[in-house]
Amino acid sequence: MTKSQGTSPTTNTPVEPWNNPSTTPLIRFENVTKRFGTFAAISGLSLDIFEEEFFALLGPSGCGKTTLMRMLAGFETPTEGKIELAGHDITPVPPNKRAVNMMFQSYALFPHLSVYDNIAFGLKRQRMPKAELADRVAEMLKLTRLEKFARRKPDQISGGQRQRVALARSLAKAPKLLLLDEPMGALDKKLRQETQFELMDIQEKTGTTFVIVTHDQEEAMTVATRVAVMDEGRIIQVATPDVIYEAPNSRYVADFIGDVNLITGTAHPRNSGIDLHWGEGRPIFHCKTDLPFTDGQTCYLAVRPEKVTIHAREPESTNKVEGKILDIAYLGNISTYHVELSMGHILKAQTANNRRIARRSFTWEDPVWLSWTETAGVVLDR
Amino acid sequence: MMRRHLLILTPYLWLVTLFLIPFLIVVRISLSDAAIAIPPYSPILDWRDGWPGLFAFINALDFDNFVFLAEDALYWKAYLSSLQIAAVSTVTTLLVGFPIAYGMARAPKGLQATLLILVILPFWTSFLIRVYSWIGMLSTEGYINQVLMGLGIISEPLTLLNTQIAVYIGITHTYLPFMVLPIYAALERLDNALLEAAEDLGCSRISSFWLVTIPLARNGILAGCFLIFIPTLGEIIIPSLLGGSDTLMIGKVLWEEFFNNRDWPVASAVAVLLLLILIIPIILFQRNTQRQRELEAQ
């Protein structure tokens, strides 16, 4: 499965069709706009999704991710633009004629049908021969470990089992594309994590292209090959989870995914990077960046808390600030220190709790130093 | 503890005094013979005669009236025709009521309350007035004939009033809300995602209607049907006002036996048999509501 690619920044990575201009995408959104009345849910959106991808649409509620998914399913038609599936324009094709199936957020299991009949529902509609149908349903029951529950009604099984029935039902017709609308929204955290790995496993086994809608960034990072971060009907960034996290293209993405320290200032290019001035009497930070900045241009430095080191004494570092501990958020495995700088700014630093809590090095009101390297942060221009 | 028993006792007390005791009195009258007296039947139990009097009283009771009902074709024909009229009106009410309920359930949420009031509104006028107004509509000089003749569709007025059709129209119209409300309640709860899921899995709009909407509205449809069938079986006002001389309904027969012939024992026997016939659909109806309640509890 692995091959090195010239265009890829890293070697020994799985196939990355989005970096290979000769692959044709499975799904292509071309300049799609969807308006409800005067409200534009999606505006001028173009996006390619490739075969066998596990693609996540991530964003806050109302960002248009659900509308985008419903357009793929056929429940909404774009006001402008077109959507292609495997090279064919599917814009005018109704939902019951698309090789696309959807797993609904509420699961939408038919309450009057047994687990078996729910899974068989789509197959019966395409008039699959009886023997073949029985085999296919048995295969789906096995895949989702539901063999024992085939005769039960949806109200006689647990939430986690219902979720698996919904998945089995939507996979039964072997769609080219499976849409998952907040598939784990109704599960508790522990079950959700288990299910995420199960889902990845099933996606790999069946080789189906998955598009998942979620507002849970951790979920998107865990399951997806690529993540599209959306806001107000637009895609802000599409990239692999590590790029989204390590190299966000905007403050919006940096802030939406994980925790981040954002420092606003002006850029002064120097030494394949910039000096960041962020106020009279404040220390100047030096950061590496590939972005071209003009002298005096407004820029934003985004540094993840786990890349900020906390010291008791002044460290040897290009980027360092002094402050005192305002708050400690103890999360068991890690602690996040909120450090108030002398100018009133608050920065967050995270450390792993590799010692017992009684032997913690810092406590409230302690004067400390924070530092980070020249490459720890990302300099953003928007 | 005491209070809970009292609470449970209340409905039983109500049923015993207002249903069971009157019913037993009716059964007792149905077993006696008609007489020209006050009350118009015999024997009459006189407690002063003691035990011998009670035995004599019980010996005088018999099933003659039921034998009479079985032997005279008029009665079982009336029962059969009542069953037929009740069944046909249940179907016509369903055919008219379902689309109304469906339309209401699919209407915008804000409009639904208004539509609900419009369905209930006819209850605010008297049942009798509603039936009477159909006479004005259906009679030979009635509005329907006037309009049809005015439009030149017919040259001779149609005979609508005093026919079986008039009875069906009357029942369908007056009982319609009883059909619409339970079906609306069932359809309104139907999650739209289920219909989308059906469509997503390859159903056309029509097949998702038959495979998802109808099965899930089933309990509402059954409840509506029972609510029409049970009271129409014994209906008396609509067949006497709108029906013709050939409209034979058991309610009408009962009325005639009781008031015109003053034959209380036969009238009671007719009533007892009617109740026995109704017991089957009533038990089915009870089971249906029970099941629906269980479904809702989940």
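Observations
- Filtered residues of the stretch A:81-98 (kept if surrounded by fewer than 16 Cβ atoms within 10 Å (Cβ to Cβ) and assigned to a loop (DSSP other than H, G, I, E, B)): A:ALA86, A:GLY87, A:PRO92, A:PRO94
- Of the residues making up the stretch B:259-287, those that are open to solvent by less than 90 Å² (accessible area, probe 1.4 Å) and either within 14 Å of chain A (Cβ to nearest Cβ) or more than 17 Å from the chain's Cα centre (by Cα) (or both) are B:ASP263, B:TRP264, B:PRO265, B:VAL266, B:ALA267, B:SER268, B:ALA269.
- The number of residues in the stretch A:114-133 being open to solvent by 40 Å² or more (accessible area, probe 1.4 Å) and under 21 Å from A:GLN161 (Cα atoms) comes to 2.
- Matching option when the condition is within 30 Å of B:SER139 (Cα to Cα) and either among the aliphatic types (A, V, I, L, M) or touching a Leu at 6+ places or on another chain (Cβ under 7 Å) (or both), among B:GLY234, B:GLY251: B:GLY234
- Among the residues of the stretch A:31-80, the one identified as more than 26 Å from A:SER170 (Cα to Cα), in a loop (DSSP other than H, G, I, E, B) and touching a strand residue (DSSP E or B) at 6+ places or on another chain (Cβ under 9 Å) is A:THR79.
So that you can scan it fast, the table gives a plain yes or no per residue for (1) under 24 Å from A:LEU26 (Cα atoms); (2) more than 12 Å from chain B (Cβ to nearest Cβ); (3) in a helix (DSSP H, G or I):
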| residue | (1), (2), (3) |
| --- | --- |
| A:SER170 | yes, no, yes |
| A:ALA174 | yes, yes, no |
| A:GLY185 | no, yes, no |
| A:ASP201 | yes, yes, yes |
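- Elements of type helices (runs of 4 or more DSSP H) contained in the stretch B:50-138, each with 2 or more residues being among the polar types (S, T, N, Q) and open to solvent by less than 60 Å² (accessible area, probe 1.4 Å): B:73-106
- Checked against (1) crowded, with 22+ Cβ neighbours inside 10 Å; (2) more than 8 Å from every other protein chain (Cβ to nearest Cβ), A:ASN101 passes all but a single condition, namely (2).
- Considering residues of the stretch A:348-382 that are small (Gly, Ala, Ser) and modelled with pLDDT under 80 only, the residue farthest from A:CYS287 (Cα to Cα): A:ALA358
- Residue tally, condition touching a Ser or Thr at 6+ places or on another chain (Cβ under 8 Å) and among the acidic types (Asp, Glu), over the stretch A:233-284: 1
- Wholly within the stretch A:264-332, strands (runs of 3 or more DSSP E) carrying at least 1 residues that are of a type in the set (Val, Ile, Thr): A:273-277, A:297-303, A:309-311, A:319-330
The values are calculated or read from the model by the stated rules, or taken from the named source; none is laboratory data. Since the model is a prediction, treat every value here as computed from it, not as a measurement. Note: ideal-geometry Cβ built from the backbone for every residue, glycine included; neighbour counts use all protein chains shown. Just the protein is used for accessible areas: all its heavy atoms, side chains included, with ligands, DNA and RNA removed. Shrake-Rupley method; radii C 1.70, N 1.55, O 1.52, S 1.80 Å.
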